[in-house]
Every structure is written in structure tokens, then in C-alpha cells.
Amino acid sequence: MKVACIGGGPAGLFFAALVKRADPRHEVVVYERNRLEDTFGFGVVFSDATEDALRDADPEVTAAMAEKSHRWDDIEIHYHGQTLTSTGHGFSGLSRRTLLEILADRCKAVGAKLCFERDIADPEALDADLVFAADGVNSQVRERYQAHFEPTIDTRPNRFVWLGTTRPFPAFTFYFKGTPHGLWRVHAYQYDRERSTFIVEAREETWRAAGLADVDEAGTIAFCERLFAEELKGHRLISNRSLWRSFPTIRNAHWSHGRMVLAGDAAHTAHFSVGSGTKLAMEDAIALAAALSAHPDVPSALAAYEAARRPPVESLQRAAQASLQWFEDTERYMDLEPIQFAFTLLTRSLRVTHQNLKVRDPEFVAKVDAWFAQKASEQSGVELSTILGRPAAPVPPPAGTAAVSHTPIAVASVPAPAPVPPPMFTPFKLRGLLLENRVVVSPMSQYSAVDGMPNDWHFQHLAARAVGGAGLVFAEMTDVSPEGRISPGCPGLWTRKQADAWKRIVDFIHGETRAKVAIQLGHAGRKGSTRRMWEGDVQPLPEGEWPIVAPSAIPYFPHSQVPREIQRKEMDKVIADHVRAARHADQAGFDLLEIHMAHGYLLASFISPLTNQRTDAYGGPLENRMLFPLEVFEAVRAVWPPEKPMSVRISAVDWYPGGHGPEDAVEVARMLQANGCDAIDVSAGQTVPDQRPVYGRIFQTPFADRIRHEVGIATMAVGNISSYADVNTILAAGRADLCLLARAHMWDPYWTRHAAFELGWPLPWPDQYHSLERFRPRFV
Ligand SMILES: Cc1cc2nc3c(=O)[nH]c(=O)nc-3n(C[C@H](O)[C@H](O)[C@H](O)COP(=O)(O)OP(=O)(O)OC[C@H]3O[C@@H](n4cnc5c(N)ncnc54)[C@H](O)[C@@H]3O)c2cc1C
Ligand SMILES: Cc1cc2nc3c(=O)[nH]c(=O)nc-3n(C[C@H](O)[C@H](O)[C@H](O)COP(=O)(O)O)c2cc1C
């Protein structure tokens, strides 16, 4: 086979060496437009895990790299005059130039041909069965065949410059430096005995205010040496094509076209803050070389390569996206206390969690937990000694304990008790309501009521989860009037009888468990008069429809009932219905009342510009669209007991062009806070059926984080939170005050108890289950 590699970067050189070594009969040529010694950049970073993968593919190259690498374990964070260190991170830095020399030597050793100073202008002209396009971030091959590869380039707003320095940093080092122009971030790491990479990053406006838009490389060096004189400790900065750039995140819908295949930066980029560009490029080379050995022809090898590489690449790009956003928003976190700032930085990409950081650096996590427990004590008024409690002594599993087949949780041994509670097991207070822990059962419609009456199904649903250990259990969206129901199966609070039925459930939970209970009041608006979820979500009823109202006469689906544009008199009735329901909720004994202003129901559809097209005082700008929801809120707040808190669930985004965005959600939260709202329950979407959500692990939490920091109000995070590692991370990083889990709780009513068990934190059982106190099952 004839193989032509365009580009002599890490991807092109490594691939050439691997493919030639795999079968010496292949003719392999690398075309590189520059000389080997012309390379840009300074050092490249590899994690221990990456090195293991490289070693499997080519032990000689990896050994040569290891010999020249500089290793470190620590991350140092310099913040407001303090230095915080976290250890156990296992990285190596290597000079890019050295890496390319090692790879070029390897090519020569195995017989791959290297043609430097050869610019390939026309890949069609190459005499090759396979063209490996590793021509970098500005790939001409990708541009030439863009109709086939369908690239997208997301150019990020921050500015950064890649510099070197003669100061050898002892650890991976971050600086955050405030100046009158704004905040500067530095990412620095050593890559050989006398050199470090020194990346400087700032917001566009900071960079412009500092006058850097008009300076050349020498001007950049002079500016940065002045700004970071203290940090450089007398050392100089070095430039090498060190221009200020905006990071482009590159993705391609397809990675191959005929005999052409994209790899490395040409195919995908990942922000430098996760230090993975070179790693990804080399892993691509390994994967394609392996696919060519395993498959009989080029097309099937290319298909196998893309199938193997796309999932890890996309996963890393998601991590990189979260990380780059953290660096774009760092200003938001500059008031955090140092330990929390460090924790949020370390966990920014979602890959490092409270749980796996504890494995790397238990002391650091112990400090975070101790700090968090102290803060929880101050916030809740609960004595620290009470929060710390008295952890039970470790109990060895009794001899002969049978393995219990259960949920997919596997534990190797009984965990040692934690000296301080993990963040999720600290208290939280809202007005007079004290929650024992921060795990919340999210509201989940059960569609099982008759005439709005909750029944035994609701009893078991809520009681089981309260016994299961959650600090707060939410009853589902409960409607303020019969016409405000989503479906005929939705419960209500428009009658005293309904209040009494709820009271039976609430009394049980209060009497038999340590959980508190919340109610979510709602009016379905244009999504009302629809089927039970399992009969067709938001689909119109086949018979027995009732008239529905909305801010504007726009049906949900084209085939849905057209709502009547609500008039002022009916709006007064909706307010009165909410007030009546709130009174009933208090009589039923609920501890917290939430108003549903999310998911496209009546109040949500006032807030979103997609569903509110009114021309009166309740339509138009956000302040107008918020008028009616605020009227409802105020009226309820006036009758809901002052010692009991109120929250509001919002859809932070509509996930639809022209819809509500995260910046609007901040304003909504601000207005609610000004009217006495205690917490924002931050959900998203479900406003319009053709929404385009970006799902993923804890995908809505960034909105809760933003609202919490920009508004200064308590937030509840919800949406694809399912592991206790994520819950502890979200809380300790200050992304939310409470975590709501819906489907994870449906799956496992004892979710909180399982978390407590695995984290070694004792959670008292009800008396009836006392014999479990010393029983330690082994889950398989
Ligand atoms: C200015 C800059 C500095 C960087 N510094 C660092 C750093 O310090 N540390 C780090 O980890 N990562 C750094 N990166 C990112 C990292 O270099 C890339 O993620 C990684 O090199 C990707 O490898 P690659 O082989 O895909 O592409 P590249 O390394 O970009 O290699 C592509 C090669 O193709 C050649 N080429 C392009 N077009 C043609 C053509 N038509 N004909 C022939 N040859 C061609 C280019 O000259 C280049 O040598 C830097 C990137 C840039 C742009
Ligand atoms: C069956 C079901 C019913 C739901 N009912 C409600 C509801 O009544 N009110 C509400 O605000 N959200 C409701 N939701 C949304 C959940 O509260 C939660 O926001 C969503 O499921 C995302 O969380 P998860 O990923 O933990 O499941 C419901 C979700 C499910 C799965």
C-alpha cells in the first residue's frame, strides 16, 4: 500500500512510523512544508494514562519520550495571594521539538520517507492509496473537501498567546491576576530542565483595553514580562510565532472521503486547558494504524478508525468545552474562597470529580469537605459538632454474609467511615426549613390521580423515597384548578379533600422519616388537557378535552388544541387558584412550596418569547413577560407562612433560536429574588416541541451555577445527575446548593442510602429497620 501523510506534526510522523513498522512492504511518505526544526509551540503534556496507551503502540518511542520528559504530580493554583496545591495528578511535559525529533528518528529507523519543505497544494496529485491528512488546525484538505467533511468551527471569545519561559515551574501552575484592564489567566508547565510553556489568556475586552490588539510579538513579550515580573522571578519569556489567537473548536461530521482521512487537529481540536491536542493526534495515529492491520481494505479500515475514535474524541471535546467555558467565565468565581476556587478549577471539565480527586489527593478533598461542613454550619445554624456527628466504627462484614444482588453498584470492601460528611450529607437551611442533607427527589408526575386526588400510588412513591434517605422529597406538579391539569391523571389542591389526602402522605413522612416534603404548584396552560405520559406525551386527549388558556393562542403541536388567549379576568382567577392551593398546601403540612414556571406550562409560557406574543402590558420585553408570573408569586408569598420557603422552577433556556437564553434566566432569577423567592430550581427547555437540547451528564447544572454566582441566590441543580460523585462535586464547587434527582430516584428509591453506604457516612435507619445498623451487605 502507498501511504502519503500530509503534515509532519505528531499525528503525521507517528502514523507514518506505526504503519511502516506494522508492514515494511508499505511505501510511506510524510510531506511537511516546513523544516523539522521550524516547529511552533513549546511543550506538550501527556497524562500517565496516555503514556500507557502510547507504550502499547510503540514502546521504543515511549521510552525515548520518557527519557526527555519532565514529570510532575502537583497542580499549583495562585489566587488572591494564596497558593493552593493539589497532588497526585501524574503528568509529563515534553518539548514539542524533541517529540518531533523522536518521531522523525523513528520514521527513519523503520524506513518511512520524510520530505521536508514540501507543501502539498493538491492532494489529488499524490500517488497514494491512502492520504493521511494531518495538516493541522488550518487543514487545507479539510477546506478543500468541506462539502464532504462538513466541518464546524466554533471560534471562542477569549484571547490567548502561547509563550515559553526559562523559568522551570515546579508544578502545573495557574495564575489569576487582576489588573485595571481585567483578569489574566496563566497556564504554565515545565517541559524540560530549563523551559516551561507559559500561556496567557484573557477576555477580549481585557486584551483590547490593555492595547494588545495593536502590538507585535516583541510588544506582547514586553507587556507580559512586565505584568508577570513577580511570577517569572527574573526569568525571560520566549516567543515562537506567539500571536494572540482565539481558540477554534473544530468538529467534522465525517472524517474520511474516498482515500482521504483527517486526523489530529485537522479532524478535531480540544482546548489547550485540557492539554490534549497532541495526545489526541497521536491516539488517532495509533487507531488508524491498528485499523489498517485489522481490516482487509482501506474503506473498512477508515470506517473502523472513525467508529473507534469518535466516541473518545467527542467525550474529550465535551470535557474541553466545559473547561474552556470555565476559563471564559473565571471572573464569575473570583469572589470564592480559595479552597472552593481551587476545587472548582480542578473539577471544571467534569472529568475530575470529588470522588476521583479523593483517590488522587485525599488530603485536599478532606480540606474541601471540612471547609464545606464549616460553611454548612454557618449557613444552617447547626453546630459543627452536630454536623460532624459520630461516625460509626467500621464494621467488618459478618462471616458468611450473603452477596446481595442489587442495583449496579459494586463495592470491593466496606468503606472506612468518613471523618467529616461528604458535602451531600451537610444540612441546608431556607428560612425556617432545615434539611438534613442536600439530596432532593425531583418532582415527577405520576399521572395516577382520579379527580385530582392523590392516592396510595403517590403515598408509596413519596414515602419510599423519604425512607430512602433524601433530605427533601418533592411531590409532583400539583394543579391549582381542574382546568389547569396536564392530564386527567394529575393531582390537585383545589379542594380541602385533596389537601387532606396529601396530608396523610406528608404526616407519614414527617412522622416516620427525617425527610421534609415540598409541593410544586402548577397550571399546565397550553400543555393541558393532554394524555398521561405513557399514552402519548403532550398529545391531545382522544375525548373529554377541556378548554385551555395560554398567553397567546399558539398550539403546542400543530395538531394540539388551540389555547384561548387568557384575559385579565381569567388571570385573576389563576392567581386566586394559586392562593387557594397554597393555603391547602400549608394545611397539608408541606414544608416548601415551589411554583412551576418551567417546561412550557402556563407561567413559563408567559416568560418565553416563543410562546408569549401578547401586545398588552404582559408581552414584549422580559420585564413585561415576567409581570404575571410575579403577580402569582407575590400573591402566593403573601399567604404562604413567612417561616416556610418558596422556590421557583424555571427553564433556563428554551433550546430554540429566538427563545429564552441563560442570560435571560439570570434576570428572571433576579426578579424572583427581589420578590422574596428563596431558591431557583434550574431546569431547561420543554417550551416548544422542536427544541434542540444539548444533553449530557449534569447538562443543566451550568445554568444553576451561573444564576447562583451572578444573582447570589440559592439554586437547585437538576438534569442527568445520577452519581454521588457528581452530587458532591456540584455542591463542593458551589454550582448549586441542592441536587435534584428524578429518574435516578425512580430507579433506586434508596439512592441516598446507597450513597451514604459507599461513602462511609452513617445514615440512621428507621427503628423498624434497626437490625440493618450492623449489617453490611456486599453488592454485586
Ligand atoms: C501556535 C500553536 C502552538 C501550540 N503549542 C502547543 C503547546 O505548547 N503544547 C501543546 O500540547 N500543544 C500545542 N499546540 C497544539 C498542538 O500543537 C496540536 O494539538 C497538535 O500539534 C496536533 O497535531 P497534528 O499533527 O494534528 O497537527 P500539527 O502539529 O499542527 O501538524 C500539522 C503539520 O502539517 C503541516 N502542514 C500543513 N499544511 C501542509 C501542507 N499543505 N503541506 C505540507 N505540510 C503541511 C504543518 O506545517 C504542520 O507541521 C499548539 C498549537 C498551535 C497552533
Ligand atoms: C416521569 C417524570 C415526571 C416528571 N414530572 C415533573 C413534574 O411534575 N414537575 C417538574 O417540574 N418536572 C417533572 N419532571 C422532570 C424532572 O423533575 C427532572 O427535572 C428531569 O427528569 C431531569 O432530571 P433527571 O435527569 O434526574 O431525571 C418529570 C420527569 C419524569 C421522568
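For this structure, a couple of remarks:
- Of the residues 505, 659, 423, the one whose Cα sits farthest towards the positive end of the charge dipole of the chain is 505 (charges of +1 on Lys and Arg Cβ, -1 on Asp and Glu Cβ, taken about the Cα centre).
- Distant-in-sequence amide contacts of residue 430, defined by a placed amide H-H separation under 5 Å and a gap of 5 or more residues or a different chain, comprise 435.
- Relative contact order of the range 293-377, taken over Cα pairs closer than 8 Å and 6 or more residues apart, is 22 percent.
- As a length-normalised measure over Cα pairs under 8 Å and 6 or more apart, the relative contact order of the chain settles at 10 percent.
- Overall, the accessible surface of the range 628-774 at a probe of 1.4 angstrom is composed of carbon and sulfur to the extent of 54 percent.
- Calculated FRET efficiency for the pair residue 385/residue 236, C-beta based, R₀ 51 Å, to 0.05: 0.45
- Checking the Cα-Cα distances for 429/497; 429/569; 358/644; 177/367; 68/113; 233/358 against a 29 Å cut-off, the pairs over it are 429/497; 429/569; 358/644; 233/358.
- For residue 652, distant residues with modelled amide H under 5 Å away: 683, 684, 685
- Hull-based mean projected area of the chain, where the convex hull spans the alpha carbons, in square nanometres: 37.0
- Fraction of antiparallel bridges per DSSP, the chain only, in percent to nearest 5: 45
- Dipole magnitude for the range 46-194: computed about the Cα centre from +1 point charges on Lys and Arg Cβ and -1 point charges on Asp and Glu Cβ, it is near 760 debye.
- Selection from 255, 57, 380, by position along the positive dipole direction of the chain (Cβ): 380
- Residues with amide H under 5 Å from that of residue 760, placed H, sequence gap 5 or more: none
- Per-residue ellipticity at 222 nm, computed for the chain from helices alone with -39500 (n - 2.57) per DSSP H run of at least four residues, works out to -11000 deg cm²/dmol.
- Bridge orientation summary for the range 47-102: considering DSSP beta bridges with both residues in this region, about 100 percent are antiparallel.
- Charge-dipole axis of the chain as Lys and Arg at +1 and Asp and Glu at -1 on Cβ define it, positive-most pick from 675, 44, 243: 675
- Whole-number D in µm² s⁻¹ for the range 173-280, Kirkwood Cα-pair radius fed into Stokes-Einstein, 20 °C, 1.002 mPa s: 134
- Compactness ratio for the range 617-673: Cα radius of gyration over 2.2 N^0.38 Å (N = residue count) comes to 1.25.
- About the Cα centre, charge dipole magnitude for the chain (Lys/Arg +1, Asp/Glu -1 at Cβ), debye: 800
- For the range 187-266, applying the loop criterion from DSSP together with a ceiling of 13 other beta carbons within 10 Å to the GluC sites (Glu not before Pro) yields 194.
- Residue order for 453, 65 - accessible surface, 1.4 angstrom probe, largest first: 453, 65
- J(HN,Hα) series, the range 574-581, from Karplus relation 6.51 cos²θ - 1.76 cosθ + 1.60, nearest Hz, glycine and proline x: 4, 4, 4, 5, 5, 5, 4, 5
- Relative to the longest principal axis of the Cα atoms of the chain, the long axis of helix 96-110 makes an angle of roughly 60 degrees.
- Here the range 31-102 is treated with +1 on each Lys and Arg Cβ and -1 on each Asp and Glu Cβ, and its dipole about the Cα centre works out to around 300 debye.
- With Cα atoms, 0 to 90° folded angle of helix 10-22 axis to the chain main axis: 70
- Computed from label points 7 Å out along Cα-Cβ, the spacing between residue 40 and residue 127 is 3.3 nm.
- Rounded to 10°, Cα long-axis angle of helix 701-711 versus longest principal axis of the chain: 70
The values are calculated or read from the model by the stated rules, or taken from the named source; none is laboratory data. Bear in mind the structure is a predicted one, so any value in this text is a computation, not a measurement. Reconstructed Cβ throughout: ideal geometry from the backbone, glycine too, with neighbour counts over all protein chains shown. Note: accessible area is taken over every heavy atom of the protein model, side chains too, but ligands, DNA and RNA are not part of it. Shrake-Rupley method; radii C 1.70, N 1.55, O 1.52, S 1.80 Å.
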